[in-house]
Amino acid sequence: MVNLQLTDDEALVLFDLLSEYGDGDSQRVLPVQHAAERNALWALLASLEKTLVAPFQDDYAEQLKTAREQVEKKGGSW
């Protein structure tokens with residue numbers, strides 16, 4: 001097993017990204033080259049789903065906006 005350390009903000013941003021790619025209606029496509037890559041990403045998403053409470057709260061969109069701002073502030077803009 002591998003334990004990852006992410007800030008709450010990083011986890012929330014990553015959760016939203018993976019959720020969007022996993023949504024069959026999304027216009028975004030994650031270029032995986034092997035089923036194992038997809039499965040590993042799904043496992044990461046499932047782990048985040050078990051950990052996070054924000055996606056199930058009424059103010060999720062605001063929490064995500066704030067998280068994105070904090071992660072960008074920490075790592076820089078592109």
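Of the residues L12, Q57, V2, the one whose Cα sits farthest toward the positive end of the charge dipole of the chain, with +1 on the Cβ of Lys and Arg and -1 on the Cβ of Asp and Glu, is V2.
Report summary: the helix-based calculation at 222 nm, which adds -39500 (n - 2.57) for every DSSP H run with n ≥ 4 and divides by the residues of the chain, gives -20500 deg cm²/dmol.
The modelled label-to-label distance between S47 and Q70, using points 7 Å beyond Cα along the C-beta direction, is 2.0 nm. Between the beta carbons of F56 and A36, assuming R0 = 30 Å, the FRET efficiency works out to 0.55 to the nearest 0.05. Just one of [x] 1.37; [y] 1.07; [z] 1.15 is Cα Rg over 2.2 N^0.38 Å calculated from these coordinates, so which is it? Identified label for the calculated read-out: [z].
Taken together, the values in this text are just the output of simple stated rules run on the coordinates, not laboratory data. A quick note: this is a predicted structure, and the numbers were derived from the prediction, not measured. All Cβ positions, glycine included, derive from the backbone under ideal geometry; neighbour counts span all protein chains shown.
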